[in-house]
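Below: the structure, in structure tokens.
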Amino acid sequence: RGETLAIIGRSGTGKSTALRLITGLTNPDAGVIRVFGRDISRYGEEEMNDIRKRIGVVFQYAALFDSMNCFENVAFRLLRDLGLSRDQAWKIAVEKLEMVGLSERVLSLFPSELSGGMRKRVGLARAIAADPEIVLYDEPNSGLDPITSDAIDNLIVSLQKRLKVTSVVVTHDMESAGKVANRIAMLYDGKIIGC
């Protein structure tokens, strides 16, 4: 609890698959997947939805909904899953955007109006909006220049300290892994060969 684990390895070794297994988007061929101390490997959709409510995901390339403004993106789970009012969701969205270094004015913008780094920050704000216990990062630095990439690494570290969340960061960037993680797992051909 409360640590950051980085999973590193070459493309195709199973890094992103590990995140899909944790969120129940992929079922394992064998073995056990433990999340919050429970074996979720045979959970149904309803049971997995209870688990997913406790997990935030920062997708590669942010994966924001293009047809929604930033408020609707950040507040998506707050409105849909938690049933908060728009006013309540707005207040939380502003708070989470400030945590990732963006101002309230961003909420009215659409993803197409943002830089790559800003989209990543909005994606991060969306991931933490419902106060998850675990945050999963899938290649958070993908497609970013070195300065923006370093800023995202700093955000991951500061949010982990501030929110006390458990984090799993999938990356191929050794420098980034060393900066953000308490532990690093090396994945090769679907197996952890060093941790």
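Just one of (1) within 24 Å of Glu175 (Cα to Cα); (2) open to solvent by 60 Å² or more (accessible area, probe 1.4 Å); (3) in contact with a Ser or Thr (Cβ under 9 Å, 6 or more places away or on another chain) fails for Val135. It is (2). Residue count for the range 130-150 satisfying the condition of being at negative phi and without any contact (Cβ under 8 Å) to a residue 40 or more places away in the chain: 8.
Considering the range 86-129, the residues that are open to solvent by 80 Å² or more (accessible area, probe 1.4 Å), without any contact (Cβ under 8 Å) to a residue 40 or more places away in the chain and not charged (D, E, K, R) include one that is farthest from Asp66 (Cα to Cα), namely Gln88.
Right, Phe59: within 25 Å of Arg162 (Cβ to Cβ) and buried (at least 16 other Cβ atoms within 10 Å of the Cβ) or not? When the stated conditions are applied, Phe59 passes them.
For the range 36-55, the condition holds for at least one residue, the condition being that it is at positive phi, out of contact with any strand residue (DSSP E or B) (no Cβ under 6 Å at 6 or more places or on another chain) and either surrounded by 18 or more Cβ atoms within 10 Å (Cβ to Cβ) or free of Cβ contacts under 8 Å to residues at least 40 places away in the same chain (or both).
The values are calculated or read from the model by the stated rules, or taken from the named source; none is laboratory data. Remember, predicted model here, so these are calculated numbers, not experimental data. Here the Cβ is made from the backbone with ideal geometry for all residues, glycine too, and neighbour counts use every protein chain on show. In case anyone asks, the SASA skips ligands and DNA or RNA and just uses the protein heavy atoms, side chains included. Shrake-Rupley method; radii C 1.70, N 1.55, O 1.52, S 1.80 Å.
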